[in-house]
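Enquirer: I have a structure here, written as structure tokens, and I will follow up with some questions on it.
None of the figures in this text is laboratory data; all of them are computed from the coordinates on show. Computed from a prediction, not measured in an experiment: that's the story for all the values here. Note that each Cβ is placed from the backbone with ideal geometry, even for glycine, and that neighbours are counted across all protein chains shown.
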Amino acid sequence: MEQQVSAVDVAVSPLQKFQEYLATRKMRVTPERTAIVEEVFSYHEHFEAEELVERLTMQQTVRRVSRSTVYRTLNYLEEAGLLRKVARTNDREVYEHDYGYEQHDHLICRNCNTLIEFNNDEISRMLEQVAAANGFVMEGHRLEVHGLCEACSRPRRHPKLGLI
């Protein structure tokens, strides 16, 4: 059963936060970078960089955004705390929003690459207890559980066996 991850109220928009990040690095806010941020935050879905390149290529409203600009900007968005890499599937990084959404963890199917988001307060409390017992000040956590999803873990039916 997949849980929905809720959005949380934030003081500034993702674009404003990214503009602040760029300003601290003395980098320019370009139309291409703006288009990338707007597209990334237009909906909450996990995505690969190549999917983003494809979506931006299909749009005719912006100047062409190069593949290298997309990859570079994704790195900047990650450094700015707006995105995070969740997992590698098919040798590609999968990104998700790390800004504007509550803390959550992932179940990742090693067969079909399905990502299931979930919240579990017990896991969070347990990690806080483990950290405290070790004199560690926990600032957050990332949990990725790898295995098989429900569909991939079902026993396969062999059609020839039914003929006996």
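Enquirer: Among rounded, prolate and oblate, which fits the range 103-154 when a ≥ b ≥ c are the square roots of the eigenvalues of its C-alpha gyration tensor, a/c under 1.5 means rounded, and a/b larger than b/c means prolate?
Expert: Numbers: a/c = 3.10, a/b = 2.99, b/c = 1.04.
The shape class here is prolate.
Enquirer: Taking neighbour Cβ counts within 10 Å as the exposure measure, how do 96, 45, 51 sort from fewest upward? Each step should come with its number before you reach the end.
Expert: On the way: 96 20, 45 11, 51 14.
Least crowded to most crowded, the residues run 45, 51, 96.
Enquirer: Using only alpha carbon positions, build the gyration tensor of the range 10-61, then give the equivalent ellipsoid semi-axes as the square roots of 5 times its eigenvalues, largest first, whole angstrom. It would help to have the intermediate numbers written out before the result.
Expert: Working: eigenvalues 87, 39, 18 Å².
Working from the Cα gyration tensor, I get semi-axes of 21, 14, 10 Å.
Enquirer: In addition: By counting other Cβ atoms within 10 Å of each Cβ, how are 44, 146 ranked from fewest to most? Intermediate results must be reported in sequence, preceding the final value.
Expert: Numbers: 44 14, 146 10.
With the sparsest Cβ surroundings first, the list reads 146, 44.
Enquirer: Express in nm, to one decimal, how much length is gained between residue 119 and residue 54 on full extension, taking 0.36 nm for each residue of separation and deducting their alpha carbon distance.
Expert: That pair, residue 119 and residue 54, stretches by 20.3 nm at full extension.
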